[in-house]
Amino acid sequence: MNTTPSRASVKRPRGRPWRPGQSGNPSGHPKDYREVVALAREHTSRAIAILVEMMESPQVSDSARVRAAELILERGWGKAVQPIAGNLDDDPIDLRLLPTLSDAQLMAIIVKHTQDGSSNAR
C-alpha cells in the first residue's frame, strides 16, 4: 500500500509559502501566452471594426454602444489617468511625476497631505 499522499491531498500553506526572493512562477507567463497574444493581435483590425459597427448601430443598446466607444478610445489612447488625492478638496497627485520630483518637492507634498486633517490616513 502506497502511503505517499497524492498531490491533490497535500495542502499548501496559506499566506506566503515562498521564501524571500523565491517566485512561485519563476519563468513568468505560461508557455501559451505568446501564442495567445499573437492570435489576439492578428484579429485586432476586425475587433476594432466590430466595435465601430456596434458603436454606430442604432439596433445596439445605448450601454453597449458606449462601452464599444470606451474600448475603442482605450485601445487608441490608453486608459484615462486616475489621479489620487487624500482629500476631495486637495489637488490630485499625478503619480507619473513622482520619480521626477526632488526630495524637497516630495517632502512638501507629504507635509501638505498630512497636516491637520487634510489627509484621510489613519
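Does Arg46 satisfy the condition of being modelled with pLDDT of 75 or more and at negative phi?
Answer is yes for this residue.
For the stretch 70-122, filtered to residues that are within 30 Å of Ile48 (Cβ to Cβ) and part of a loop (DSSP other than H, G, I, E, B), the residue that is modelled with the lowest pLDDT is Pro83. In the stretch 19-43, the residue that is farthest from the chain's Cα centre (by Cα) out of those that are surrounded by 10 or more Cβ atoms within 10 Å (Cβ to Cβ), outside any helix (DSSP H, G or I) and at pLDDT below 85 is Pro30.
The values are calculated or read from the model by the stated rules, or taken from the named source; none is laboratory data. On a predicted model such as this, the values are computed, not experimentally measured, just so you know. When we count neighbours, we look across all protein chains shown, and the Cβ atoms used for this are built from the backbone with ideal geometry, even at glycine.
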